[in-house]
1. Which of (1) 59, 46, 38; (2) 77, 61, 44; (3) 67, 61, 41 is the computed Cα extents along the principal axes in Å for the structure on display?
2. For each of SER154, SER206, SER266, SER149, count neighbouring Cβ atoms within 10 Å of the residue's Cβ, then give the residues from fewest to most.
3. What is the distance, in nm, between label points placed 7 Å from the Cα along the Cα-to-Cβ direction at ASN263 and at GLN65?
4. For segment 1-156, what is the charge dipole size about the Cα centre, in debye to the nearest 20, if Lys and Arg each add +1 at the Cβ and Asp and Glu each add -1 at the Cβ?
5. Take the chain, connect every pair of alpha-carbon atoms lying under 10 Å apart with a spring to form a Gaussian network, then pick out the residue of SER214, SER22, SER193 with the largest mean-square fluctuation.
6. Compute the distance from the alpha-carbon center of segment 188-227 to that of segment 108-171, in whole Å.
7. Working from Cα positions, state the angle (0 to 90°, nearest 10) between the long axis of helix 299-308 and the longest principal axis of the chain.
8. Show that you can apply the helix-only estimate: for the chain, add -39,500 (n - 2.57) for every DSSP H stretch of four or more residues, divide by all residues, and state [θ] at 222 nm to the nearest 500.
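Values in this text are rule-based calculations from the coordinates and carry no lab data. Keep in mind it's a predicted model, so treat the numbers as computed, not measured. Please note: Cβ atoms are built from the backbone with ideal geometry, for glycine as well, and neighbour counts cover all protein chains shown.
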Amino acid sequence: MPGDKSISHRYAIVAAVAEGTSRIENYATGADCRSTLECLRALGVEITAEGSTVQISGRGLDGLQAPSGDLDAGNSGSTMRMLAGILAGNPFTSRIKGDDSLSRRPMDRIIIPLRKMGASVEAREGRFPPIEIHGGRLRAIDYELPVPSAQVKSCVLFAGLYAEGITTVREPVVTRDHTEIALREFGASIDKSGGVIRLEGRPRLSARNLTAPSDLSSAAFFLVAALLIPDSELLLEGVGLNPTRAALLDFLVAMGADLRIQNLSSLNGELAGDIVVRHSPVRGGVIEKALSAALIDEIPILAVLGAASQEGLLVRDARELRLKETDRIATVAENLRRMGVAIEVREDGFQVPGRQKFHAATLDSYGDHRIAMAFAVAALAAGGESIIEGAEAASVSFPEFFDTLKRLAQ
């Protein structure tokens, strides 16, 4: 599997404001993480990349340069939201834009706390990209996230690097903690207790040599493929198993998946290990409350698995799906129906009955990488030939996806 996308973004951003040259092995190969590197280059950061190895010459907290033009986050909400925290602390004006899909995604969740910290932030219609940030001296705040979001948490913590005193973030539901781990690895003083994170401002960050574990969210598609296709057995090596991300594995095991972990180790503060998965019937399940936040990126592929399970899948409390690259509730439902699979859509989720068969169909990614990959797996389980329009969207996070799927499916 490619390097973890979430971790790669964070390593690159922190390395850029550290002192010295950092080397990141197994950096994610997708377009989103390349967008982060291109934005950092535009801020004066020297970066060399060879394959999945990236070398970043950090400029220190106060060394970034004003960009000569707009920063382009492409399709990457992670790039826009997290980099905004860094930009807010720098004494220049920057404007960050995205593609058509990203331009429809609301950014008020980061605009509100950044303004509380003293930055001047403007956006189209007050909440949509492009966003213009007039950065400068920031003040530490104690901020409670209105909804669970690792990206918003990261934005506030990155801005907190530039604030005097202690910046505190309170989470209603604990989200992935890659930012906290990365900041600690680079030398920041950060404390986490339950859902409360405290960061001491103005740290001296030092360059590191790091390796990103393989991406669990990318692995999810192959885990489900192996569960669906008879006689399958897969070994996925060196996959990130951070406890704030491992809800996927717990959920699959609870459904009855034949899955085990081996060779568990720690990699720069991140847990990693090999996953062995075999074809097995699964019962089905319910995703709701905190679990919906924990599995938000995996719900499209779990919807595919739910249709083939014995009892089906019920998803609630997942309204956030409607604010992703596409309205993923709508796009999942549309493609399942094209394949002859019944689904009942709700405002905050859906219900997919179990024991259903997939039928070959013409499908549409709608430009969403996770929809493209989820329905490639569904097509693998269908009789006959399916067509996925816009399949190239997978390159946003996993350019090698279809080559890997083809190799495994032969």
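1. (1)
2. Details: SER154 30, SER206 13, SER266 9, SER149 19.
Fewest-to-most ranking of SER154, SER206, SER266, SER149: SER266, SER206, SER149, SER154.
3. 4.3
4. Values: 19 positive and 18 negative charges, 79 e Å.
Dipole about the Cα centre, nearest 20: 380 debye.
5. Its mean-square fluctuation being the largest, the pick is SER193.
6. So the two Cα centres are separated by 20 Å.
7. Once rounded, one gets 10 degrees.
8. Working: 13 runs with 133 residues, N = 410.
So the helix-based figure for the chain works out to -9500 deg cm²/dmol.
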